[in-house]
């Protein structure tokens, strides 16, 4: 059964977000900007404990205004077969938000809208992704 494997916190100032989460929670970071093609920091939230790791990434657009509906993080679900998962998403009424793309040498990634307009990602590990 597919499970959440990654989260992304969208930040207008990635360095400021890194400082905040590092100070508050003691999270550690790796610069994955080269893979993502934008400011993107991998986040390790803990070792040997239940939970998932994620990233802080450059926000694509303006930050939501105060008082807007949830300004949150994006959850990514690990899948074994990207194309089959996409077909299931679309067949259930979801829509493409950002089409499938390669994280070179790592995985296939893409983003979708659920039937309520919420964004989520799917991720298929694949060292051959180009």
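Could I have the simple spin-label model distance between residue 113 and residue 96, label points 7 Å from Cα toward Cβ, reported in nm to one decimal?
Using points 7 Å along Cα→Cβ, the separation is 1.4 nm.
I'd like the orientation of helix 82-91 relative to the chain: the angle between its Cα long axis and the longest Cα principal axis, in ° from 0 to 90, rounded to 10.
Compared with the principal axis, the helix lies near 80 degrees.
Against the longest principal axis of the chain, how steep is helix 14-25, in degrees 0 to 90 to the nearest 10, with axes from Cα atoms?
For 14-25 against the chain, the angle is about 70 degrees.
What are the radius of gyration and Dmax of segment 1-59, computed over its Cα atoms and given in Å?
Gyration radius and largest Cα-Cα distance of segment 1-59: 11.6, 36 Å.
Give the separation of the Cα centroids, segment 24-54 to segment 75-97, in Å.
Value for the Cα centre distance between the two parts: 24 Å.
Given that compact globular proteins tend to follow 2.2 N^0.38 Å, what is the ratio of the alpha-carbon Rg of segment 79-130 to that value?
1.11
Can you compute the helix-only [θ] at 222 nm over the chain? Use -39500 (n - 2.57) per DSSP H run of at least 4 residues, normalise by all residues, nearest 500 deg cm²/dmol.
Working: 3 runs with 26 residues, N = 130.
One gets -5500 deg cm²/dmol as the mean residue ellipticity at 222 nm.
Among the DSSP beta bridges whose two residues both lie in the chain, what percent are antiparallel, rounded to the nearest 5?
Details: 26 of 34 bridges.
So the antiparallel bridges in the chain amount to around 75 percent.
None of the figures in this text is laboratory data; all of them are computed from the coordinates on show. Given the structure is predicted, the values throughout are model-derived calculations rather than measurements. Every residue, glycine as well, gets a Cβ built from its backbone with ideal geometry; the counts of neighbours run over all protein chains shown.
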